[in-house]
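Working notes, beginning with the structure itself.
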Amino acid sequence: MIPIAKPFINRSEADAASRAVLSGWVSQGPQVAAFEAEFANFVGAAHACAVSNCTTALHLALLGVGVSPGDEVITVSHSFIATANTIRQCGATPVFVDIERDGYNIDPAAIAAAMTPVTRAILVVHQMGMPCDMPAILKLAGAHGLPVIEDAACAAGSELRMRNAWLRIGRPLGDVVCFSFHPRKVITTGEGGMLTTNRVELDAGFRLARQHGMSVSDAVRHNSPQVVIESYPVTGFNYRMTDIQASIGREQLKRLPGIVSRRRTLAERYSTRLALLPGVSAPVEPRWARSNWQSYCVRLSDGIDQLDVMQAMLDRGVATRRGIMNAHQEAAYADIVTPPLPRSEAARDHSILLPLYAQMTDEEQDKVLSALEETLALVRRRGAQSA
Ligand SMILES: *Cc1c(COP(=O)(O)O)cnc(C)c1O
């Protein structure tokens, strides 16, 4: 059976976790601080703040830029539901706009039309690791004085060409960038998240909010030769990452360039082979983007049934997933009046994700391609018979 994804973790992560446990300090402490410094340095951000997952990162980011009850935040419906949920966690309303014609990211042209007097922020998603058209988004946001948050849950290691240089996603182009270290992403800490920003006051706010609004961390108090009495200037949360997770994250970060390089080779191999296969089209990477290919999403031609393809692939020992979900089509968002989002809806219903992971061998990938070729021939034959 070929799975859809596989975390790339082994002995070095296990040893690092073991060292953290044996150190006697397992909650947020020196490993978290070191992981933050290394992550900030890797992406080129002034500050990085580790949290429990990307959902809590997005919540703190939205609160940080001032999103409050009654506000609207422009975002995509075509994303994992956490993107929309975090807007509601602030008491605000997500305003869903459609995706681009040739990809799965927000359509900058749709943002302007969605603005109202209560628009408070723009939350864009680098979907499946593919960078958004940030210059267009930043221009619009700048013209309206709106903060931009990047949901980079899937985009660790992806790059964007801007200002005549390749920049890593995480170098804050807008205000805050949020990452996930869930095992379905490119690097993992089991569960985990990170916020990067260049704005020191935002970073300070994240640090306060993630640990109960407490002015001094327990690690600082523990190591202080003087008695330290903490204070609680704001109402906070417990959104901390543990030192066990951070020690794993530090090992994962070392592997990230190698993981992305292998994923890009595999994606290129898929795209070359799929160009010859009728019934399916490969994803498009703009020339200004270098995706980490967190997911490799292919579009099925009209008349080819998504579920039939997924079942036939599973019958041949290959796991697939349907395209990215749309929040506005779920019961949880039925109360929000959303205009039709034809591209988002078509993307969900006519795309499938193919297996892709750094340890995948060329032989495994060939098996996926053969299964897909057989499947498409089978589904087309069935379609011709029923027509
Ligand atoms: C996975 C994901 C999230 C949530 O990340 P967690 O770390 O699981 O909370 C948010 N947004 C997007 C786009 C995602 O893919």
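Some notes on this structure:
- About the centre of its Cα atoms, region 298-377 shows a dipole size close to 260 debye [charges on the beta carbon of Lys, Arg (+1) and Asp, Glu (-1) only; nearest 20 debye].
- Across region 156-303 the C-alpha pair distances fall into 10 Å bins from zero in the proportions 9, 27, 29, 19, 10, 4, 1, 0 percent.
- Its Cα centre serving as origin, the chain has a Cβ charge dipole (Lys and Arg +1, Asp and Glu -1) of approximately 680 debye.
- Between Arg101 and Ala46, the FRET efficiency estimated from the beta carbon spacing at R0 = 56 angstrom works out to 0.95.
- Two numbers describe the Cα atoms of the chain: Rg and Dmax, which are 21.7, 82 Å.
- Label-point gap, in nm, between Met1 and Asn85 - each point 7 angstrom along Cα→Cβ: 2.5
- By the rule of a C-alpha distance below 25 Å, with chain neighbours fewer than 8 residues away ignored, no lysines are paired with Lys139.
- For Val95, distant residues with modelled amide H under 5 Å away: Val73, Ile74, Thr75
- Percent antiparallel among DSSP beta bridges (both partners in the chain, rounded to 5): 60
- Here the extension length gained between Val227 and Asp335 equals 33.7 nm, from 0.36 nm per residue of separation less the Cα-Cα distance.
- Net dipole in debye of region 55-166 [+1 Lys, Arg Cβ; -1 Asp, Glu Cβ; about Cα centre; nearest 20]: 200
- Those lysines that a straight Cα-Cα span of less than 28 Å connects to Lys6, excepting residues fewer than 8 apart in one chain: Lys185, Lys254, Lys367
- Residues whose amide H falls under 5 Å from that of Ala153, counting only those 5 or more places apart or on a different chain, are His126, Ser180, with hydrogens built in the peptide plane.
- Förster radius 51 Å - calculated FRET efficiency between Lys139 and Arg11, Cβ distance, rounded to 0.05: 0.60
- Selected from Phe179, Ser12, Met115, residue furthest toward positive end of dipole (the chain; charges at beta carbon): Ser12
- Selected from Val337, Thr361, Gln306, residue furthest toward positive end of dipole (region 256-386; charges at beta carbon): Thr361
Throughout, read-outs are computed from the coordinates displayed, never taken from laboratory work. The shown structure was predicted, so the numbers you read here are calculated from the model rather than taken from an experiment. Don't worry about glycine lacking a Cβ; one is built from the backbone with ideal geometry, like all the others, and counts go over all protein chains shown.
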